[in-house]
Protein chains: 2
Amino acid sequence: MRRSKAFIPTSKEVPNEATLPSHIFLSRAGFISQVAAGLYNYMPLAKKVIKKIENVINEEMEAISAQEVELSFVTPADLWAESGRIEKFGKELLRFKDRKENLFVLGPTHEEMMVDLVRNRVTSYKNLPINLYQIKTKFRDEARPRFGLMRGREFIMKDGYSFHSTFQDLDREFYAVEAAYKKILSRLGLDFRVVEADSGAIGGSGSKELMVLADSGEDTIAVCSKCEYGANVEAAKRSKRGHIPEAPEAEFNKFQTPDTKTIDDLAQFFKVDPYYTIKCVAKRVIYEDSSEIVLFFVRGCDNLQEVKAVNATEALDIVDVTEEELAEIGLIPGFIGPLDQDKAKHVIDADLKNAANMICGANETDYHFVGVDLSVISEVAYFADIAEVNEGDTCPYCDGELSFTKGIEVGHIFKLGTTYSAPLKAEFLDENGKSQPFIMGTYGMGVSRLVAAVVEQHHDENGCIWTKETAPYMVNIMVSNIKDEAQVALGEELYTKLQDAKVEVILDDRKDRFGFKMKDAELIGFPYTVIIGKELVNGNVQIYDRATTEKTEVKADEIYEKIMEMI
Amino acid sequence: MRRSKAFIPTSKEVPNEATLPSHIFLSRAGFISQVAAGLYNYMPLAKKVIKKIENVINEEMEAISAQEVELSFVTPADLWAESGRIEKFGKELLRFKDRKENLFVLGPTHEEMMVDLVRNRVTSYKNLPINLYQIKTKFRDEARPRFGLMRGREFIMKDGYSFHSTFQDLDREFYAVEAAYKKILSRLGLDFRVVEADSGAIGGSGSKELMVLADSGEDTIAVCSKCEYGANVEAAKRSKRGHIPEAPEAEFNKFQTPDTKTIDDLAQFFKVDPYYTIKCVAKRVIYEDSSEIVLFFVRGCDNLQEVKAVNATEALDIVDVTEEELAEIGLIPGFIGPLDQDKAKHVIDADLKNAANMICGANETDYHFVGVDLSVISEVAYFADIAEVNEGDTCPYCDGELSFTKGIEVGHIFKLGTTYSAPLKAEFLDENGKSQPFIMGTYGMGVSRLVAAVVEQHHDENGCIWTKETAPYMVNIMVSNIKDEAQVALGEELYTKLQDAKVEVILDDRKDRFGFKMKDAELIGFPYTVIIGKELVNGNVQIYDRATTEKTEVKADEIYEKIMEMI
């Protein structure tokens, strides 16, 4: 491509709300243009990157015998009612009626559609397993679309769905997809981590996320210092603590504790480690048709992990409550405890099961209990893992220490089991001729988000730095002075040669001055720029390596061989 | 791919409303599955065909330096208001509000979006021309979606848009795209014709359609017996007639003509050729905010062409009217003529300009005028080409005769001029530094419709017959008896060899009996099936050619070379 005719509208303008490097650079370098909140056009450079990513995905999917399909984007709302997700998805699911008043949704994910496609078409265990996938535009009407391609409303996703006759076979496929996803991210030149994850609105019995490591990641990942363990904090576990502070042994008793409404005050008051105090986090829990206040109890040194809290209550969402709302139902903020209190439902962190020597609110203004032994309620109370792990906690699998890092979720794979096949009555005949619901897995990968993730991990203050497998053009030939016939001639010759060798090459044949063109090349981030400049009179040109920002002098008559060697 | 694990759910069931071969066979052979009216899933075989077609399109687009982009499918309704098309498109344009009550449409075509993308980003004639295209899902809420992929609501289209500084340059690009489109259709193995077309809702100064010739085509094309001329009947022209019947010369006069309400009656009554009578076709013409009755006058031997009538009146649509509606405004059905009558607007066919010796209604019950000379109103009446050409009419470019054939519109290219750039104020600076609206072309090609068009043109009573460039798999290896070890061994060996040679091959390793598998292969339509059967004991196998249905005996040890030679 000749740069003079390429539609690459670079600019100095930073979009108003842009904070992430990928949002800023992809906009400035002419990759994307915003249409409306969360809606983007992919211009030629972005389209090229997307196709390269899609290619890698297709190759690795083919290698594990997954078959590509393409499902209708506009999907009947009936199917979403059948699975029960039409309510669960809430407003993110964009609904509309067609001219005949039939209700449809714009597909944000395609579990229902895929199950509907396979049911009655695959009827025997003999035709299993199958893994069907598509790479297609999706739509989620996010409340706060943001960060450019990172969290758009319309986005490109690779979504795959596998069907099995046994759970063992699902496990095999799950790991095959995990391995394929790892290969894809490695080939794209990304530093990533596979972590345990919460299954969220998709459901199922277990899931893993593929996280591209980047400071700007929206997700916090807990990783072990010794073993391979990694997990989204939404799902991270820890072992029973190694180092436990000394217990403040005491008889059960009620103490007057004026003005000790916070954990800090309380720990100070009794001179105990917050580990031995019980924190109450009151939340309003939202269900499909109702809501209620629920009290979540964790150790004073811990924090409530909200996704765990949502899961523990099987809620759609949880939101904050005011002190007034608590007072209305007779709760006394600052002094709420799990004993002798029936104003609201309780969930107690699993780490507190059988905990002794604890201090907690006495459900009475200015009073706390001491010497609390929770084993007395271990049979009747509801205990669940609802606390967020802390940096420094011990790994659940070894004695390593957990630390936090930031990641961008680019893939999420799920063992669904029969979550969708059972309600949608998608069944096959097993070896004994018995009807069984399909055992399923589902596997997502964010294609447009990957474009942003590459930039988040690979950029500097001057712009994007594309990896070899993602670069829109591998080589940029820069003719410094377009009026210099020798420079133009060499540029054209190299351009033709590289094109003939199927190298993706762009020839910067614009009349602008060298400095401007170089800045442009840095902003866009071509891996290599061949600079044909003044030194050509001495038979030399330069190769600029975008990643290292180093320039290497090369003999002009060896430039083709040198470039071919590098790429 | 092994057939036993391939998701190719063939079936004997014909969809209820299916009448076209492509609809029947693509459904039965497991290419597509219907989701709702006009909405289809593409299963693995169809996805493969689509990708092959897309590949060919991409290659030919790259060859003319068109650049690929991908625009948001969900597009802001504002842009459609800016261009004035939100009304013109009517209910086909699916509208909906997002969670924040902003109005959007699902893009049925992307002129507005593309102009919006380019405006303010390309600002100088120096960066022109550019040709941007995408291959993406579109949505039109058709009133009567039908014929499977032929007229769906969600469909895949290649849409391209070019921007120029001069009309000459638009002409050059228009022909370059026409040539590229011809190459694409030739490469896909299709018999087609490029015809002159009506520009419809897209607008502009001229357009051509690419028609795949097929009996089931929805479009009627007039083609010349001698020259290259071809046109959609909606836009077809003819020369002034060569053979003109003898004129019934007469003085202008009013005649009593009881009960002669039809042209046949009238011609009989006066013993004249219908050529010399004037037919009135009254229609209600629908505009954006109003409607009115308009009288269309054509020769008695001609018929009104409705698309031409819509264009002549700049209407959104025209619909029939009842005799009562005509009577209400004082018109007398059967006796309406273009003289001395001001009850409704007239449009007179251009062929009647200056016509003499005509007979027409006198706007009085049971009376007609004879000896009418329309030259008396040639200055004041509105003449336009509104008659449909007839088979046997003379070509407008030579003395050949026009005949009709049926076609499937798979491409439509338009010289838009400034139809969109002017209202959307998309301008560039010309060589003199003056601001000018872009001069544009737009180029569509129906990708999913092409899948159906291939089958419409290439099928027999047993199923699809894919051409080499469109076949989902080129070679099907049929192991007749899966229990015969020698047959299986040769099948596996050939399968591996062909895969290594990058041939798209499927191995039919199912346990079903030979006849069933052969029927299946015919239904799907693989170009070649290698039959490994009983004759293998004598060292022979067969190659079945789907197009000719011939079987050729080949030595088993030469089968690989033979197949490679054929494909």
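The values are calculated or read from the model by the stated rules, or taken from the named source; none is laboratory data. This structure is a prediction, so every number in the text was calculated from the model and none was measured. So basically every Cβ, Gly included, is an ideal-geometry build from the backbone, and we count neighbours across all protein chains shown. Accessible surface is based on the protein model in full, side chains and every heavy atom, while ligands, DNA and RNA are left aside. Shrake-Rupley method; radii C 1.70, N 1.55, O 1.52, S 1.80 Å.
What to note about this one:
- Rounded to the nearest 20, the Cβ-based charge dipole of the stretch A:253-387 about its Cα centre (Lys and Arg +1, Asp and Glu -1) stands at 440 debye.
- Magnitude of the charge dipole, the stretch B:5-160, Cβ model with Lys/Arg +1 and Asp/Glu -1, debye to 20: 500 debye
- Whole-Å semi-axes of the ellipsoid equivalent to chain A (Cα gyration tensor, √5λ, descending): 52, 31, 22
- Electrostatic dipole magnitude of the protein assembly as shown [Cβ: Lys, Arg +1; Asp, Glu -1; Cα centre; debye, to 20]: 1720 debye
- Put simply, the amide H of A:ALA387, placed in the peptide plane, has neighbours under 5 Å in A:GLN305, A:ALA350, leaving out anything fewer than 5 places away on its chain.
- A Förster distance of 30 Å, applied to the separation of the beta-carbon atoms of B:LYS240 and B:GLN268, puts the FRET efficiency at 0.70.
- Placing a pseudo-label 7 Å from each Cα along the Cα-to-Cβ vector at A:SER291 and B:ASP500 gives an inter-label distance of 6.6 nm.
- Carbon-plus-sulfur accessible fraction, the protein assembly as shown (probe radius 1.4 Å, protein heavy atoms only): 46%.
- Going from the isolated chain to the complete set of protein chains, the stretch A:100-140 loses at least 40 Å² of heavy-atom accessible area (1.4 Å probe) at A:LEU117, A:ARG121.
- Modelled label positions at B:LYS126 and A:ASP460, each set 7 Å beyond Cα in the direction of Cβ, lie 2.9 nm from each other.
- Order of exposure, largest accessible area first, which applies to B:THR394, A:THR109 with probe 1.4 Å: B:THR394, A:THR109
- For the stretch B:51-139, convex hull of alpha carbons as volume per residue, Å³: 120 Å³
- Net length available on complete extension from B:VAL14 to B:MET566 is 195.4 nm, with 0.36 nm assigned per residue and the Cα-Cα distance removed.
- Positive-end residue of A:SER403, A:SER378, A:ILE567, charge dipole of chain A with Cβ unit charges: A:ILE567
- Translational D in µm²/s for the protein assembly as shown (Stokes-Einstein at 37 °C, 0.692 mPa s, Kirkwood Rh from C-alpha pairs): 95 µm²/s
- Rh by Kirkwood over Cα pairs, then Stokes-Einstein D for the stretch A:190-349 at 1.002 mPa s and 20 °C, µm²/s: 117 µm²/s
- In the stretch A:15-39, comparing the full protein assembly with the chain on its own, the residues that lose 10 Å² or more of accessible surface at a 1.4 Å probe are A:SER33, A:VAL35, A:ALA36, A:LEU39.
- Among the listed pairs B:LYS279/B:LYS308; B:LYS158/B:LYS226; A:LYS468/A:LYS562; A:LYS237/A:LYS308, a Cα-Cα separation exceeding 21 Å is found for B:LYS158/B:LYS226.
- For the stretch B:394-434, backbone nitrogen atoms closer than 13 Å to the point 7 Å from B:GLU178 Cα along Cα-to-C-beta are found at B:412-415.
- The ellipsoid equivalent to the alpha-carbon distribution of the stretch A:475-566 has semi-axes of 16, 16, 13 angstrom, derived from the gyration tensor eigenvalues as √(5λ) and listed largest first.
- Radius ratio Rg over Rh of the stretch B:252-342, counting only Cα atoms, Kirkwood formula for Rh: 0.99
- Phi to ³J(HN,Hα) by Karplus 6.51 cos²θ - 1.76 cosθ + 1.60 over the stretch A:166-180, Hz, x for Gly, Pro: 9, 5, 4, 5, 4, 4, 4, 5, 4, 6, 5, 5, 4, 5, 5
- Calculated SAXS-style log₁₀ I(q)/I(0) at q = 0.13, 0.20 Å⁻¹ - the stretch A:41-199, Debye, Cα scatterers: -0.76, -1.50
- What chain A shows is 42 Å² of accessible area per residue, with the surface traced by a 1.4 Å probe over protein heavy atoms.
- Extension gain (nm, one decimal) between A:TYR397 and A:VAL537, 0.36 nm per residue minus Cα-Cα: 43.9 nm
- Between A and B, accessible area buried - total, square angstrom, nearest 100, 1.4 angstrom probe: 4900 Å²
- Nearby aspartates and glutamates by direct alpha-carbon distance to B:LYS519 (threshold 12 angstrom, same-chain neighbours under 8 apart not counted): B:GLU461
- Paramagnetic reach from A:ALA356 (point 7 Å along Cα→Cβ, amide N under 15 Å) across the stretch A:368-386: A:371-378
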